[in-house]
1. Most mobile of Ala206, Ala193, Ala11 per a Gaussian network model of the chain (Cα springs, under 10 Å)?
2. Let me spell out the model: positive unit charges on the Cβ of Lys and Arg, negative unit charges on the Cβ of Asp and Glu, origin at the Cα centre of the chain. What dipole size does that give, in debye rounded to 20?
3. Which whole-number percent is the relative contact order of the stretch 80-132 (Cα, under 8 Å, 6+ apart)?
4. For the stretch 148-215, build the charge dipole from Cβ charges (+1 Lys, Arg; -1 Asp, Glu) around the Cα centre, then report which of Gly166, Ala150, Leu189 sits farthest towards its positive end.
5. Quick one: 3J(HN,Hα) in Hz for the stretch 107-112, Karplus 6.51/-1.76/1.60 with θ = phi - 60°, rounded, Gly and Pro as x.
6. Need the C-alpha centroid separation for the stretch 72-123 versus the stretch 136-183, integer Å.
7. List the residues, sorted by chain then number, that are 5 or more residues from His75 or on another chain and whose placed amide H is less than 5 Å from its amide H.
8. Could you work out how much longer the chain between Asn125 and Asp154 gets when fully extended? Use 0.36 nm per residue separation minus the Cα distance between them, nm to one decimal.
Amino acid sequence: TSYGNPSERAAGVPEVLQRTLAKQFDASPLVLAISGDQTQHLLWRLQRGGELSAEIAADRSVVFVDLIGTNNLGHGHLPGEAADGVLAVARHLLSNAAGAVVLSTVLPRGDGGTVLPKLCPPRCNASGLPFRSFLPAVSKLNARLAKEAATLSDAYPGRFRLATCGAPFLATAAEAPEEVKLGLMPDRLHPGAEGSRLLAECFAAAIRSLLDQRRG
């Protein structure tokens, strides 16, 4: 759904979660995402909005899967600003909860042709024209997350993993001028059912790695 209303682009996604993460870990994935969510919104809910309850915060078996940041780019935030927000969310969870955190890099998006003209000004290129693609900004944001991942892993041993899940969503040269695979991202931004399956499998691999390290 989107704000409680059925969302056509999310068709089949709940079933994907039940066939993948729920089945593999004998658990019920709780999806707390909100349409249009940005890092500052999520951070507020965790700090003051009651989303991180005392019960969940104390449960060492909880695994938080954190995928946030693309909407910051989509609203004109610079990659560094967006990365600061993503890392603030991860650090808050690691500092205030006993569970583990899987932080996902931001997925590629191919809707720059329609969104970026609306952001110029102020987000224009050197010629004063709109940027054409979100992919360079996504790459810069993800590079920052990758750079900080080792520090977080060292600071919170057995409790942090960076999941890099975006490569399968990128279009091939034969699919140009599309930047992402429409079969996986029908609206060029949100994974559909098949894209969500790939994403869930990527998350599952990161979760298994964390659990194996804890048991080891």
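1. Largest GNM mean-square fluctuation: Ala11.
2. The calculated dipole for the chain is roughly 320 debye.
3. Once normalised by length, the contact order is 20 percent.
4. About the Cα centre, the residue reaching furthest to the positive side is Ala150.
5. Residue by residue, the stretch 107-112 yields 6, x, 9, x, 9, x Hz.
6. Computed from Cα coordinates, the inter-centre distance equals 12 Å.
7. Excluding prolines and chain starts, which carry no amide H, there are no hits.
8. That pair, Asn125 and Asp154, stretches by 6.6 nm at full extension.
The values are calculated or read from the model by the stated rules, or taken from the named source; none is laboratory data. Just so it is clear, the structure is predicted and the values come from calculations on it, not from any experiment. Counting neighbours? That spans all protein chains shown, and the Cβs are built from the backbone with ideal geometry, glycine included. These accessible areas exclude ligands, DNA and RNA; they are computed on the full protein's heavy atoms, side chains included. Shrake-Rupley method; radii C 1.70, N 1.55, O 1.52, S 1.80 Å.
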